[in-house]
Amino acid sequence: MVSAWIIVGVVIVTLELILWMVFHRKVEGLSFPRETDESLFRFFTVTRLRLVAILHTLFLLAVFILSSSFLW
Amino acid sequence: MVNDVPESDHFDLHFQGRDVHEHFQFYFRQHWIRLLKPFVVTLLWSIIIAASCAFIFFRLGVKDSASRHGILVTCFAIFTAIHLSFLLRFYTYFLYVIVITDKRVHRIKKTLFSVDDHQTIDLWTFQDIHKWQHGPIQNLLGFGSLIMEAQETILKVHFVPRIGRIYARLSHLREAAREKMTSIRRP
């Protein structure tokens, strides 16, 4: 079971990392001051989006580890 | 997209396609309602997968361990694919930005892997700016479409948030750009 956790963990982290790196590269030229933002949804900064990506990765890992702990 | 550092004095920003003589005014992304549909679809699929797993494992019962592992990994692979596609959609939302300077409107539209568009239109060339807000949802949440018509080009921006305020600011900037252009042309 531990080997399955490792394989799935590596796959998930790799996919999330690829998506984040591509996103970060593309969003670099689109950073503007907060006070000039006329959007309704001003919560997300680059740091907060990085945190979202980390939380999303942890969520997927937790779902797999918990479900496999019960059902493996 | 917003940087984390306070940047009150950074109004001459560099972004793709910016002319050195134009001054940044404001920017916006589409209304958050754009993310509602993919979020609801992801949530529904997650519930369906969880319910299917619960039905297969607890109702039907799978005795063979190889089959159990196979079903679990398959369900998780589908679950992961759905969540990653939502993440992709979420990131794409932040890559569609409308930037307004004192001279031009820039529509920058990118996706993670396939699209990298940049449409620019001069403010002083606008013949008309149309504001469209149809239906109770658009009026309650304050979003709609802006259609900017120049001589040979039309720039359409849908799901514009705070549309009344943005429309007013755009109209004001257009007048300022026209006055500036007239004063330059006057001998």
Candidates B:Phe86, B:Phe90, filtered to the one that is modelled with pLDDT of 90 or more, of a type outside the set (D, E, K, R), touching a Pro at 6+ places or on another chain (Cβ under 6 Å) and buried (at least 16 other Cβ atoms within 10 Å of the Cβ):
B:Phe86
Please go through segment B:53-76 and give me each residue that is in contact with a helix residue (DSSP H, G or I) (Cβ under 9 Å, 6 or more places away or on another chain) and hydrophobic (A, V, I, L, M, F, W, C), ordered by number.
B:Cys53, B:Ile56, B:Phe57, B:Val62, B:Ile71, B:Leu72, B:Val73, B:Cys75, B:Phe76
Qualifying residue in segment B:93-101 (condition: facing chain A (nearest Cβ under 7 Å), more than 12 Å from the chain's Cα centre (by Cα) and surrounded by 16 or more Cβ atoms within 10 Å (Cβ to Cβ))
no
Restricting attention to segment A:1-47, which residues are assigned to a loop (DSSP other than H, G, I, E, B) and either within 26 Å of B:Ile98 (Cα to Cα) or facing chain B (nearest Cβ under 7 Å) (or both)?
A:Ser31, A:Pro33, A:Glu38, A:Ser39, A:Leu40, A:Phe41, A:Arg42, A:Phe43, A:Phe44
For segment B:147-162, give me the residue count where each residue is of a type in the set (A, V, I, L, M, F, W, C) and outside any strand (DSSP E or B).
1
Check B:Thr120 against each of (1) under 26 Å from A:Trp20 (Cα atoms); (2) assigned to a strand (DSSP E or B); (3) in contact (Cβ under 8 Å) with a residue 12 or more places away in the chain and name the one condition it does not meet.
(1)
Just to check your reading of the model, which residue among A:Leu66, A:Leu71 is over 26 Å from B:Val160 (Cα atoms), of a type in the set (A, V, I, L, M, F, W, C) and either at the interface with chain B (Cβ under 8 Å from one of its Cβ atoms) or surrounded by 16 or more Cβ atoms within 10 Å (Cβ to Cβ) (or both)?
A:Leu71
Within segment A:18-39, is even one residue surrounded by 14 or more Cβ atoms within 10 Å (Cβ to Cβ), in contact with a helix residue (DSSP H, G or I) (Cβ under 8 Å, 6 or more places away or on another chain) and touching a residue at least 60 places away in the same chain (Cβ under 8 Å)?
no
Checking B:Pro38 against (1) assigned to a helix (DSSP H, G or I); (2) within 13 Å of chain A (Cβ to nearest Cβ); (3) under 28 Å from B:Arg107 (Cα atoms); (4) touching a Phe, Trp or Tyr at 6+ places or on another chain (Cβ under 9 Å), the condition it does not meet
(2)
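The values are calculated or read from the model by the stated rules, or taken from the named source; none is laboratory data. The shown structure was predicted, so the numbers you read here are calculated from the model rather than taken from an experiment. Note: ideal-geometry Cβ built from the backbone for every residue, glycine included; neighbour counts use all protein chains shown.
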